[in-house]
Amino acid sequence: KLAVFDGKDVVLLEDEGSTSSSRTAIPSVVGVDKSGNFLVGDTAREMIPMHPERVVSSVKRVLGLKFTDPLANGLLGTLACPSMSGPNDSILFDIAGEQLTVPEIASKVLRHLIDMASDYTGSRVERAVMTYPVDFDAMAKRELELAAKMARIEIEAMVPEPVAAVMGCGFDSTKSSL
C-alpha cells in the first residue's frame, strides 16, 4: 500500500494500472514485457499465465536471503523465472536475459511507488518513510535500504508494518476515537 501525507491528510493511493478489486494493494511483482520494459504490480502479475519466465513475484519475501537458504529454495522453486546463485551466494534472477539481484528487482517496485506519489502530488517525491514486515532481519532491512538507494529514494525512517498500522490508526489525534 502507498500513502501520501499532503500536509493535512494521509491519502491512500490507488494504482491506476491495477485491474484487481483492491487497487490500493500493490503486489511486489516485477515483469519484463517483450519490448524490454519493466512492469510492476498487477500489470506484471497479468503476464504470469502467458510468460511466467519473465515475471518475479513475492520479491519482498526473498530480501535478505541467500540462494542456499532453505526458505529461499522453497520460494524460488515456486517461480517459473530462472534463478541462480550470484556473488556471495546472493540470489540472481534471469529475466529476459538480464540477470538482476533481489534489491535491483525490489528497486523497480519502489520506483513505481515513488512515481505514483510524484504523479499524485504533482512534484518530485524523493523521500519516504518505509515500512517492512516485522520478521525482516538485519540483512533484509539492508537490502531494502539498498533497493531504495537504487530507486533514488532517501529513507526518512524505517518502521515495522505493525507499528506503522498503529501509527496510521492514531495519526490524527484531534479526531474522535472509535
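The values are calculated or read from the model by the stated rules, or taken from the named source; none is laboratory data. In this text the structure is predicted, and so the values were computed from the model without any measurement. No Cβ is skipped: glycine too gets one built from the backbone with ideal geometry, and neighbour counts run over all protein chains shown. Calculation scope for accessible area: heavy atoms of the full protein, side chains included, ligands and nucleic acids excluded. Shrake-Rupley method; radii C 1.70, N 1.55, O 1.52, S 1.80 Å.
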accessible surface per residue for the range 83-153, probe 1.4 Å, DNA/RNA/ligands not counted, whole Å² -> 53 Å²
Carbon/sulfur accessible area of the range 75-141, % of total, 1.4 Å probe, equals 49 percent
Output for the range 73-178: chymotrypsin sites (Phe, Trp or Tyr not before Pro) sitting in coil per DSSP, at most 16 other Cβ within 10 Å, listed by number, reads F171
Whole-percent tail of the Cα-Cα distance distribution for the range 47-111, cut at 19 Å, equals 22 percent
Dividing the surface of the Cα convex hull of the range 55-178 by four yields a projected area in nm² of 9.8 nm²
Of all trypsin sites (Lys or Arg not before Pro) in the range 97-164, the ones in DSSP coil with at most 13 other Cβ atoms within 10 Å are R124, R152
Under the 7 Å Cα-to-Cβ spin-label approximation, K141 and V163 lie apart by a distance in nanometres of 0.8 nm
For the range 114-156 the GluC sites (Glu not before Pro) that pass both the DSSP coil test and the at-most-15 other-Cβ-within-10 Å test are E126
Taking a ≥ b ≥ c as the square roots of the eigenvalues of the Cα gyration tensor, with a/c under 1.5 meaning rounded and otherwise prolate when a/b exceeds b/c and oblate if not, the range 69-141 is prolate
Between Y132 and residues 5 or more places away or on another chain, the pairs with built amide H atoms under 5 Å apart involve V159, E161
P(r) of the range 78-117 over all Cα-Cα pairs, 10 Å bins starting at 0, rounded to whole percent, reads 28, 46, 23, 3
